[in-house]
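Written out below as structure tokens is the structure these notes cover.
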Amino acid sequence: MAEEVKLFRTWSSPFALRVVWALQLKGIQYETVLEDVAKKSDVLRGYNPVYKKVPVLLHNGRPISESLIILEYVDETWKQHSLLPQDPHARAMARFWAKFGDDKVMQSIWTAFVSEGKEQEAALAEASEHLQKLEEELRGKKFFGGDNIGYLDIALGWLANLVRVFEEISGLRVLDGERFPLLFAWLKEFSDAPVIRDCWPSHDKLITKFIALRQLHGAQSSST
Amino acid sequence: GEGRGREADRGWPSPFVMRPRIALNLKGVEYEFLEEKLGVKSDLLLRSNPVHKKIPVLLHAGRPVCESLIIVQYIDDAWPSSGPSILPSDPYDCATARFWAAYLDEKWFPAMSGIARAQGEEAKKAALDQVVEGLSLLEDAFGKISKGKPFFGGDTVGFLDIALGCFLGWLRVTEKMNGMKLLDEAKVPGLAKWAERFCAHDAVKGVMPETEKLAEFAKLIMAKFKAAAPPPQ
């Protein structure tokens, strides 16, 4: 029986990209349903009524939401090219750092990108602290997953894409080779890896999108 | 296999601290419970969780594991042949349990703890409405997930039971302090009965705080919060 695998995503969502990487790395056949963030389909809303967001993975008619949860589901369902380590402590650490990436690293870098003056300075300092912790996690490893790309590389992969976009637009120095040599090297290894390198959304389109988002945020905060 | 855990813990009021304790109890794993003093973080805690400096932290064979839901999954992975499986074996059921657990931590519990801190009646009502809506969603989820069995985990207490059940003490305190029934048998009958079963379970009984004690603790915290808050404009 043919399996039905569908991924609801937007062209730019870094969260949906995680699922694309996982599916591609495992060689799973799937159909993409492109959603418009401004006009989400009723179908998507039906599959993710709580958050109404992408990504949603549909497998044999059953929806799974939340990118990190989808990653674990994909890893448990299709065993080739294992993403999470076998060792319980290593698994716990991978989950811990993935959550840290979303809750702390992403938050601080985003704040630095959309704010100004003292708020921006503080956010940048915070981001540097957080990045330093990730730098330490890479010690002695090519990827966070060791010799091969794993769950944590995929979870942090947005760094390899969006940080360059943010730096280009804002002129800020967020993740440079002097302060974070290991992370900087990892960005390149990850970006150029087979499968990963074929999936990046258009750099130019991202620049346009985030310039607009930054202006929107700036306008909102200056009008209060 | 064999193993002893050690837990560094500020203590009995924290719902997050309850989670690993229930998991360890389910697995029949012996552990040492190190209570932290309120307001003072020990060197051991700071060394074990340098990133967040928070409890709970599980120390097993000298290695720390942090974040309550991550610890529960670790316990399930580390003691696979002791006691029941905490995470469901089916990947889809697993994803469902993780989804609702994340919802609890990211949306529902912040709304509930927001009730006490809400400034003004409107803000309070908004927070309460969120909690009530969440309970309605969870009632629906319970029906679908338990499939007529006593717990979210089926016949045994599982991941989502632990994730939600740890908040029951604070839910009761919220009911008491606001003079309203949230776990209302008329509105959420499945959850109301589930809550009784959960609290009566052997793995839970000894670690679920008494509502009276929690209410006293809540008053203490509220007093501190009000004292520290800036004067109204």
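The values are calculated or read from the model by the stated rules, or taken from the named source; none is laboratory data. What you see is a predicted model, and the numbers here were worked out from it, not measured in a lab. Please note: Cβ atoms are built from the backbone with ideal geometry, for glycine as well, and neighbour counts cover all protein chains shown. Keep in mind that these areas ignore ligands, DNA and RNA; they rest on the heavy atoms of the full protein, side chains included. Shrake-Rupley method; radii C 1.70, N 1.55, O 1.52, S 1.80 Å.
Before moving on, here are some points about what is shown:
- Relative contact order (percent, whole number), chain A, Cα cutoff 8 Å, 6+ residue spacing: 18 percent
- The listed residues B:LYS53, A:LYS209, once ranked by accessible area (1.4 Å probe) with the largest placed first, stand as B:LYS53, A:LYS209.
- Straight-distance crosslink candidates among aspartates and glutamates, where the alpha carbon sits under 20 Å from B:LYS147 and sequence neighbours closer than 8 are dropped: B:ASP90, B:ASP93, B:GLU139, B:ASP155, B:ASP161, B:GLU185, B:GLU196
- Whether the range A:1-61 is rounded, prolate or oblate, judged on the alpha carbon gyration tensor where a/c under 1.5 counts as rounded: oblate
- Here the range B:1-159 is treated with +1 on each Lys and Arg Cβ and -1 on each Asp and Glu Cβ, and its dipole about the Cα centre works out to around 380 debye.
- Overall form of the range B:66-121 per C-alpha gyration tensor (a/c, 1.5; a/b vs b/c): prolate
- List of the range A:88-120 residues, accessible area with partners at least 30 Å² below that of the chain alone (1.4 Å probe): A:PRO88, A:HIS89, A:ALA92, A:ARG95, A:PHE96, A:LYS99
- Residue-normalised accessible area of the range B:6-119, expressed per residue, 1.4 Å probe, Å²: 41 Å²
- DSSP bridge orientation in the protein assembly as shown - percent antiparallel, rounded to nearest 5: 70 percent
- Over chain A, DSSP H runs of length four or greater, each weighted -39,500 (n - 2.57), average out per residue to a 222 nm ellipticity of -17000 deg cm²/dmol.
- Global form of the range B:102-203, assessed from the alpha-carbon gyration tensor, a/c cut-off 1.5: prolate
- Listing of the range B:33-77 residues, each with accessible area lower by at least 10 Å² in the full protein assembly than in the chain alone (probe 1.4 Å): B:VAL51, B:HIS52, B:ARG63, B:PRO64, B:VAL65, B:CYS66, B:GLU67, B:ILE70, B:GLN73, B:TYR74, B:ASP77
- Using a Förster distance of 25 Å, the FRET efficiency for A:GLN29-B:SER89 (Cβ separation, nearest 0.05): 0.50
- Options B:ALA195, B:MET208, B:VAL173, ranked by Cα towards positive dipole end of the range B:162-233, top entry (Cβ charges): B:VAL173
- Efficiency of FRET from Cβ geometry, B:SER113 and A:ALA125, R₀ 30 Å, rounded to 0.05: 0.60
- 222 nm mean residue ellipticity, helices alone, for chain B (DSSP H n ≥ 4; -39,500 (n - 2.57); rounded to 500): -17000 deg cm²/dmol
- Interface residues in the range B:84-131 - accessible area drops by 20 Å² or more relative to the isolated chain, probe 1.4 Å: B:PRO91, B:TYR92, B:ALA95, B:ARG98, B:PHE99, B:TYR103, B:GLU106, B:LYS107
- Pairs over the 19 Å Cα-Cα cut-off, from the set A:LYS6/A:LYS53; B:LYS124/B:LYS176; B:LYS37/B:LYS226; A:LYS79/A:LYS99; B:LYS107/B:LYS187: B:LYS37/B:LYS226; A:LYS79/A:LYS99; B:LYS107/B:LYS187.
- Antiparallel DSSP beta bridges within chain B, as percent of all bridges there, nearest 5: 65 percent
- Of all DSSP beta bridges confined to the range A:1-121, the antiparallel ones make up roughly 70%.
- Heavy-atom surface of the range A:29-155, accessible at 1.4 Å and reported per residue (Å²): 48 Å²
- Here's how it looks for B:VAL57: its modeled amide H is under 5 Å from those of B:ALA8, which are all 5 or more places away or on a different chain.
- Measuring nothing but protein heavy atoms, the accessible surface of chain B at 1.4 Å probe radius is 55 percent carbon and sulfur.
- Net charge, A:ILE154 excluded, C-beta distance under 13 Å - Lys, Arg +1, Asp, Glu -1: -1
- The GluC sites (Glu not before Pro) of the range A:139-224 meeting both criteria, a DSSP state outside H, G, I, E and B (loop) and at most 15 other C-beta atoms within 10 angstrom of the site's C-beta, are A:GLU178.
- Estimated buried accessible area (total), pair B and A, 1.4 Å, Å² to nearest 100: 2200 Å²
- The modelled label-to-label distance between A:VAL195 and B:LYS41, using points 7 Å beyond Cα along the C-beta direction, is 3.7 nm.
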